[in-house]
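Notes for the one structure printed next.
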Amino acid sequence: EISPILTRLDTVNLSRQVKFSEESQSATLNLNNRLADIQISSSAINRNQFKANITSPKIDLAKLLSDNGSHTLNHTSLDIYASGVLKDKNGKPHINIHTILPLLCIQEREYRNLDIKTTLAGNTISVDAEGKDNEGEIRSHLTLTNGHRRHLQGTLQIENLRTERLGLGKMHPDARLYLNTEVNVSATDIDDIRGSLSINDFIVETNEQDSTIAHLPQFTLNTDIDAKGFRTLYIDSEPLKLDAQGHYRFSTLAATIQNTLHKRLPNLIEAKNIYARADDLQFALSLQDTVLLDRLGMKGVCIPERLHFYGSMHGNDSLDITADIPFIKFGKEHLRNSSIRINGTKNDLTADVTTERLQKSGFITVYLKSSAHDNRLRLIAGADNKRKPAYKGEMDITANFARNTGGKREVNVWIAPTDLTISDTLWNVHPA
């Protein structure tokens, strides 16, 4: 039942010297095994004020963390200098730790001279870190305060760092990352989070000229909540803008939407137990992007003109969403003049989607109308090219969701009689 990490140490040679008195204490420790060689020296006064050094020329992290040595952290060398008091005049610890990693090897790539300074003062931890390799540099300053509310504040800068070193290099192995960000947030839990996050520069580029893969010049997120639980959320960036406000919780939004659907189709969609008061909010969202989505893995997605979403949600009884999408393409699909209208009342939920889809002969109007209530879902899907020869018509399908005597779901589907026109020829769709 011994921890696997301890078993991987195998044979351990340990030698030490300890000096102990009422006023002063000191110890030296040498630990050697097949994975590491560590030296520790420490001293203390009155069992309170202390200093300590920990040094190791090499620690085989891969074999220590994994029995087959396949861990991404390969090996490191380190020097740690610690000093401080275990209890200050307020009974709190005040400790300074300076960690130097002359060498850190990750996925067989070497980083040298990482410098980390940590201060623990009462409930507050501050970290200053700086790391460089032959090309790039990382700098950060973070302060975390524990208490009734946890407060995180700080900055992070990345310059000229290869993305493959962050595990992002398969698509663009020679890409380099630049990032400058600030954070100032506090929270007791995810629903109580308040503060801001800003990314002043986010650039991914390659060595080739004019080869920027992604460029987000600025991104700002602000969120706050008052004593009555009224939340505001604001995101401002070049591609995305979002403004949402109301009485809602981040942890229950998805469940509120699920329960809204459950109320109309209870035999198809399960109910979700959530916070007693359902979410209530209004929002506005706009998005325009021609490069970033594609570079982040959504291949072929392009939004050359800004799209807009507006909406409101009042518990499980009222839902109103409007979307206008001038043009969007993904892969070989090209859609223009798209609109989405969703409306939910206490009794039913309706949705109307209209778009113009590009085909070889030009754009053709495509639409979908749906309604859901009392375990019944109706879909009317149609198309019309609005020219000669005519290609138009629609399908009218209704599904009723039920449970049999054994409690298992079952569905009954009806196809209503409709007409289809294909190359000016009329076809009758029979009921089924």
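Worth a mention:
- Scan of the stretch 189-225 for residues that are polar (S, T, N, Q), at pLDDT 90 or above and either open to solvent by 30 Å² or more (accessible area, probe 1.4 Å) or more than 26 Å from residue 252 (Cβ to Cβ) (or both), ordered by number: 196, 198, 220, 222
- Pairs, first hydroxyl-bearing (Ser, Thr, Tyr) in the stretch 83-108, second modelled with pLDDT of 90 or more, C-beta under 6 Å, six or more apart: 83/51; 83/96; 99/80; 99/116
- For the stretch 364-398, a tally of residues being farther than 18 Å from residue 428 by Cβ and among the small types (Gly, Ala, Ser) returns 3.
- Test set (1) within 30 Å of residue 194 (Cβ to Cβ); (2) in contact (Cβ under 8 Å) with a residue 60 or more places away in the chain; (3) in a loop (DSSP other than H, G, I, E, B) - residue 249 fails condition number: (2)
- Matching residues in the stretch 1-13 - criterion: being surrounded by 10 or more Cβ atoms within 10 Å (Cβ to Cβ) and in a loop (DSSP other than H, G, I, E, B): 9, 10, 12
- Condition check for residue 235: surrounded by 14 or more Cβ atoms within 10 Å (Cβ to Cβ) and within 28 Å of residue 327 (Cβ to Cβ): yes
- For the stretch 385-409, taking the residues that are free of Cβ contacts under 8 Å to residues at least 60 places away in the same chain and open to solvent by 80 Å² or more (accessible area, probe 1.4 Å), the one that is farthest from residue 270 (Cα to Cα) is identified as 388.
- Residue satisfying all of: in the stretch 360-380; part of a loop (DSSP other than H, G, I, E, B) and not polar (S, T, N, Q); nearest to residue 396 (Cα to Cα) among these: 374
Let's see how each residue does on (1) out of contact with any strand residue (DSSP E or B) (no Cβ under 8 Å at 6 or more places or on another chain); (2) open to solvent by 30 Å² or more (accessible area, probe 1.4 Å):
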residue	(1), (2)
106	no, yes
110	no, yes
113	no, yes
117	no, yes
121	no, yes
127	no, yes
141	no, yes
148	yes, yes
154	no, no
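- Residues of the stretch 238-261 satisfying the condition of being open to solvent by 50 Å² or more (accessible area, probe 1.4 Å) and over 30 Å from residue 293 (Cα atoms): 247
- In this structure, residue 376 qualifies as closer than 23 Å to residue 257 by Cα, open to solvent by 70 Å² or more (accessible area, probe 1.4 Å) and among the basic types (Lys, Arg).
- Pairs are defined by a Cβ separation below 8 Å, a sequence spacing of at least 6 or placement on different chains, a first member in the stretch 113-131 that is assigned to a strand (DSSP E or B), and a second member that is of a type in the set (Phe, Trp, Tyr); the pairs so defined are 131/111.
- Qualifying residue in the stretch 288-304 (condition: out of contact with any Phe, Trp or Tyr (no Cβ under 6 Å at 6 or more places or on another chain), crowded, with 16+ Cβ neighbours inside 10 Å, part of a strand (DSSP E or B) and modelled with pLDDT of 90 or more): yes
- Qualifying residue in the stretch 56-67 (condition: open to solvent by 60 Å² or more (accessible area, probe 1.4 Å) and over 21 Å from residue 37 (Cα atoms)): no
- Positions within the stretch 29-65 being farther than 24 Å from residue 119 by Cα and of a type in the set (Val, Ile, Thr), in sequence order: 59
- Tally, over the stretch 14-46, of residues that are open to solvent by 90 Å² or more (accessible area, probe 1.4 Å) and within 45 Å of the chain's Cα centre (by Cα): 2
- When residue 337 is tested against (1) free of Cβ contacts under 8 Å to residues at least 40 places away in the same chain; (2) surrounded by 15 or more Cβ atoms within 10 Å (Cβ to Cβ); (3) under 28 Å from residue 312 (Cα atoms), exactly one condition is not met: (2).
- Those residues of the stretch 89-104 which are open to solvent by 50 Å² or more (accessible area, probe 1.4 Å) and under 15 Å from residue 49 (Cα atoms), in sequence order: 89, 90, 92, 94, 96, 97
- For the stretch 133-152, a residue qualifies if it is in a loop (DSSP other than H, G, I, E, B) and more than 23 Å from the chain's Cα centre (by Cα), and the qualifying residues are 133, 134, 135, 136, 146, 147, 148.
- Residue 52 being touching a residue at least 24 places away in the same chain (Cβ under 8 Å), open to solvent by less than 30 Å² (accessible area, probe 1.4 Å) and touching a Ser or Thr at 6+ places or on another chain (Cβ under 6 Å): yes
- Qualifying residue in the stretch 266-277 (condition: farther than 29 Å from residue 202 by Cα, outside any loop (DSSP other than H, G, I, E, B) and within 28 Å of the chain's Cα centre (by Cα)): no
- For residue 301, the requirement of being closer than 21 Å to residue 235 by Cβ, in contact (Cβ under 8 Å) with a residue 60 or more places away in the chain and either in contact with a helix residue (DSSP H, G or I) (Cβ under 9 Å, 6 or more places away or on another chain) or aliphatic (A, V, I, L, M) (or both) is not met.
- Filter pass, residue 55 being under 27 Å from residue 161 (Cα atoms), assigned to a strand (DSSP E or B) and of a type outside the set (D, E, K, R): no
The values are calculated or read from the model by the stated rules, or taken from the named source; none is laboratory data. What you see is a predicted model, and the numbers here were worked out from it, not measured in a lab. Note: ideal-geometry Cβ built from the backbone for every residue, glycine included; neighbour counts use all protein chains shown. For accessibility, only protein heavy atoms count, side chains too; no ligands or nucleic acids. Shrake-Rupley method; radii C 1.70, N 1.55, O 1.52, S 1.80 Å.
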